[in-house]
Amino acid sequence: MSKILKTNALESEAIFIFREVVAQFENPVLLFSGGKDSITLVRLAQKAFYPGKIPFPLLHVDTGHNFPETIEFRDRLVEELGLNLIVRNVQDAIDAGKVTEETGKYSSRNMLQTTTLLDAIEEFKFDACIGGARRDEEKARAKERIFSVRDDFGQWDEKNQRPELFDLLNGKIEIGQNVRVFPISNWTELDVWSYIEQEQIEIPSIYFSHKRKTFVRDGLIWSASKYVYREEDEEVLERIVRFRTVGDMTCTAAVESEADTIERIVNEIKVSTISERGARIDDKRSEAAMEKRKQQGYF
Amino acid sequence: MEVLKIATAGSVDDGKSTLIGRLLYDTKSLTDDKLEAIERNSKKKGYDYLDFSLATDGLVAEREQGITIDVAHIYFSTKKKSYIIADTPGHVEYTRNMVTGASQAQASIILIDARKGVIEQTYRHFFINNLLRVKHVIVAVNKMDLVDYDQQVFENIKADFEKLNAQSSYDEQQITFIPISALKGDNVAKKTNTMSWYEGVSVLDYLEDLKPEYDELTAARFPVQTVIRPKKDEFHDYRGYAGKIYGSSLKVGDAVTVLPSLTSSKIKTIEFFDNHYEEAVAGSSVSITLEDEINVTRGDILVKSDEVPQSSKTLKAAVCWMDGKVLVPGAKYEIQHNSNRILAKIDSIEGIIATDYSGEDTSKNQLSLNEIGKVNFKLSKNLFYDNYADNKAGGSFILIDTQSNTTAGVGFIG
């Protein structure tokens, strides 16, 4: 028996949001990518409902182009915590002719995930999808609500969002609508890393410094892989790198880094002069790339 | 890490974006790629300075029109604190956004253009900070460089603002005046020697020293969000009431009363994850178990037995209306008060309160978008509540439109 509980404002806020989701919705799901933000969400959910189990499944929309380390990690986490994992594959939507694979130098399955996600929401009738997006990541996300209502096409109506006052979250929706929920909206990249350090949360090995076959395009370091299109003159070299953000291989660039512990990563981020999404190839498509994707139902 | 939530309101012209940009820039919170994007876009628009509004205005429509439509959230941190700025537009048609921003804020920055002095918009910002009882207000007199850093200009504005403050009923509000130049960086993140007559601190130093956790020590309120009942043998009879503590701390052994049933018990344990605590401070999300097996569900509130609030089937509140559909007497809305929802009928609208302190308009019996009015409600059930002035969590609610499900308004009881 101990002490006084001092509050960690961001953690307390996230746990509050998780509990509102379970109380206000019938069929929530946690969107799990295997990245550090969704891993942090799993820890927060664990805390929110302890000693009960996490009362909703995890959904992974698998592009088929993931880093193998991420998938291994995902399966181990699910096993250890006894979670219910649902996987839906982008490949299935391609095979069914619902979407067409992109071709060319910048081809990626990132945009194609949206169709698979919306299909899964319909298949399982999810009414709340919990995600690890943060407002500090990108300027369109800075306008996002904590409970963000989507219509039955998954569309985000950014000009007509519900006001959110105090801790009063309104999750009332029509049948067919769903709500995207962002418990770590107010966290920054550094907050997430500091929390991972404080809680000693395990994360996939690709976040730590390692040797990797890579090539440089447009000033970014790309992974050399059969999934990533490469021109003949783009030379592959082994570099010491790590990933700051983990999407699939076609849209996530590496950074040169020697940081091999969480502590060193935290220190690296404290002095970093490049934002996290600076290494996201998918955001570089245009000034409003994220806003456009979100309107169409992207996570 | 300590977190401080700040609200700012204003238009592009008064230099609000420049102020925020300056805070980000001087705390080295703008990364190179973001800075490059700002430089690129500023050049494209033909500016010979860095337009920091490009960092805060996130939507395409906002960038096209050069205005802030919605609440934007901006983050920066120092060694001491993490800061979250809710940045909102200042025009009258965005009153609801300002109210939303202020509802989250522990401190607020009101910007005044030194050349223009106290204007209608200043009245509105201050009114909202009064209504929502934001304790700490910084009045930043900006563009001092354009008035030759003249002390008299600053003193005159301060005197005008004090006249405004005399009309406020929130006596405990702490108002601090700081002369700044956001463009030049004077007194924003650090004090400079351009205004040697100014003896106070810079905006950032003021924020760094704030201790808002001591502001709101009021009666403890614990609205139950959900009941945790693990389906495991070792926790067979376990019932953890999950929620967040408001007002002040709760301790093991405290005699508590459950609202609205008025049944009583004592706090047996206060738990957070796999730890037990003697006491938990306001702001903590915890699970509480009670000595006795009594019926507690979502929507109930645990309070200390000697701090039971008033209850009634009618309610009087200042309402800020946020929906395009006007509020009229006879209409029914759902009230969300903490985790509790009850049906309410609009009994009457006493008057519309002018946000420039010019009084009340009692001629109209309706409330339109962005108007603030005094509204009387009839409730379908008895509600236990606080006055907003005494207890923010127990004294605020939102109104949900039962057809569109949208959040149509916010109420401040009393």
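The values are calculated or read from the model by the stated rules, or taken from the named source; none is laboratory data. If you're wondering where the values come from, they're calculated on a predicted model, not measured in any experiment. Quick reminder, even Gly has a Cβ in these numbers, built from the backbone with ideal geometry, and neighbours come from all protein chains shown.
Observations on the structure shown:
- Residue match in segment B:3-23 (condition: at positive phi and crowded, with 24+ Cβ neighbours inside 10 Å): yes
- Matching residues, segment B:5-44, being assigned to a loop (DSSP other than H, G, I, E, B) and polar (S, T, N, Q): B:11, B:27, B:29, B:31
- Among (1) of a type in the set (S, T, N, Q); (2) more than 24 Å from residue A:10 (Cβ to Cβ); (3) free of Cβ contacts under 8 Å to residues at least 40 places away in the same chain; (4) buried (at least 22 other Cβ atoms within 10 Å of the Cβ) - the single one residue A:100 does not satisfy: (4)
- Residues (of a type outside the set (D, E, K, R), loosely packed, with under 15 Cβ neighbours inside 10 Å and free of Cβ contacts under 8 Å to residues at least 24 places away in the same chain) located in segment B:151-198: B:152, B:159, B:166, B:193, B:196
- Residues within segment B:242-270 that are more than 8 Å from every other protein chain (Cβ to nearest Cβ) and within 30 Å of residue B:212 (Cα to Cα), tallied: 18
- Considered as a group, the residues in segment A:53-70 that are within 17 Å of residue A:36 (Cβ to Cβ) and touching an Asp or Glu at 6+ places or on another chain (Cβ under 8 Å) include one that is farthest from the other protein chains (Cβ to nearest Cβ), and that residue is A:66.
- Unique residue being under 21 Å from residue B:380 (Cβ atoms), buried (at least 16 other Cβ atoms within 10 Å of the Cβ), of a type in the set (Lys, Arg) and within 14 Å of chain A (Cβ to nearest Cβ) when the list is B:298, B:239: B:298
- Any hit, segment B:113-129, residues being within 14 Å of another protein chain (Cβ to nearest Cβ) and modelled with pLDDT of 90 or more: yes
- Considering only residues in segment B:217-236 that are within 12 Å of chain A (Cβ to nearest Cβ) and assigned to a loop (DSSP other than H, G, I, E, B), the one that is nearest to residue B:386 (Cα to Cα) turns out to be B:229.
- Verdict on residue B:387 being surrounded by 14 or more Cβ atoms within 10 Å (Cβ to Cβ), within 14 Å of another protein chain (Cβ to nearest Cβ) and in a loop (DSSP other than H, G, I, E, B): no
- Per the listing B:230, B:223, B:212, the residue uniquely crowded, with 21+ Cβ neighbours inside 10 Å and farther than 30 Å from residue B:153 by Cβ is B:223.
- Lone unmet requirement of (1) assigned to a loop (DSSP other than H, G, I, E, B); (2) away from chain B (no Cβ under 14 Å); (3) under 28 Å from residue A:10 (Cβ atoms); (4) under 15 Å from the mean Cα position of the chain (by Cα) for residue A:249: (3)
- Whichever residue in segment B:360-384 is exposed (fewer than 14 other Cβ atoms within 10 Å of the Cβ), over 20 Å from residue B:408 (Cβ atoms) and not charged (D, E, K, R) and, among such residues, is modelled with the highest pLDDT: B:382
- When residues in segment B:71-96 are screened for being in contact (Cβ under 8 Å) with a residue 40 or more places away in the chain, buried (at least 23 other Cβ atoms within 10 Å of the Cβ) and not in a strand (DSSP E or B), 3 of them pass.
- Every test in (1) within 14 Å of another protein chain (Cβ to nearest Cβ); (2) under 22 Å from residue B:409 (Cβ atoms); (3) buried (at least 20 other Cβ atoms within 10 Å of the Cβ) is passed by residue B:285 save one, and that test is (2).
- Which numbered condition residue A:85 fails, given (1) modelled with pLDDT under 95; (2) in the same structural domain as residue A:136 (by TED's automatic domain parsing): (1)
Conditions tested, residue by residue: (1) of a type outside the set (Asp, Glu); (2) modelled with pLDDT of 95 or more.
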{"site": "B:216", "(1), (2)": "no, no"}
{"site": "B:226", "(1), (2)": "yes, yes"}
{"site": "B:232", "(1), (2)": "yes, no"}
{"site": "B:240", "(1), (2)": "yes, yes"}
{"site": "B:247", "(1), (2)": "yes, no"}
{"site": "B:256", "(1), (2)": "yes, yes"}
{"site": "B:259", "(1), (2)": "yes, yes"}
{"site": "B:318", "(1), (2)": "yes, yes"}
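- Selection status of residue B:32, within 24 Å of the chain's Cα centre (by Cα) and either farther than 20 Å from residue B:80 by Cβ or not assigned by TED's automatic domain parsing to the domain that holds residue B:79 (or both): no
- Qualifying residue in segment B:301-313 (condition: farther than 29 Å from residue B:130 by Cβ and buried (at least 20 other Cβ atoms within 10 Å of the Cβ)): yes
- The set of residues in segment A:75-90 being of a type outside the set (A, V, I, L, M, F, W, C) and out of contact with any helix residue (DSSP H, G or I) (no Cβ under 9 Å at 6 or more places or on another chain) consists of A:75, A:76, A:79, A:80, A:82.
- Among the residues listed as B:319, B:308, B:326, the single one being under 30 Å from residue B:364 (Cβ atoms), more than 14 Å from chain A (Cβ to nearest Cβ) and of a type in the set (Val, Ile, Thr): B:326
- Test result for residue A:117, crowded, with 17+ Cβ neighbours inside 10 Å, part of a helix (DSSP H, G or I) and hydrophobic (A, V, I, L, M, F, W, C): yes
- Answer from B:396, B:404 - the residue that is surrounded by fewer than 17 Cβ atoms within 10 Å (Cβ to Cβ), within 21 Å of residue A:164 (Cβ to Cβ) and within 14 Å of another protein chain (Cβ to nearest Cβ): B:404
- Scanning segment B:142-162 turns up no residue that is assigned to a loop (DSSP other than H, G, I, E, B), among the aliphatic types (A, V, I, L, M) and either at pLDDT 95 or above or farther than 21 Å from residue B:357 by Cα (or both).
- The one condition in (1) in a helix (DSSP H, G or I); (2) at pLDDT 80 or above that residue B:54 fails to fulfil: (2)
- Number of the condition not met by residue A:109 [criteria: (1) over 17 Å from the mean Cα position of the chain (by Cα); (2) surrounded by 15 or more Cβ atoms within 10 Å (Cβ to Cβ); (3) farther than 30 Å from residue A:52 by Cβ]: (1)
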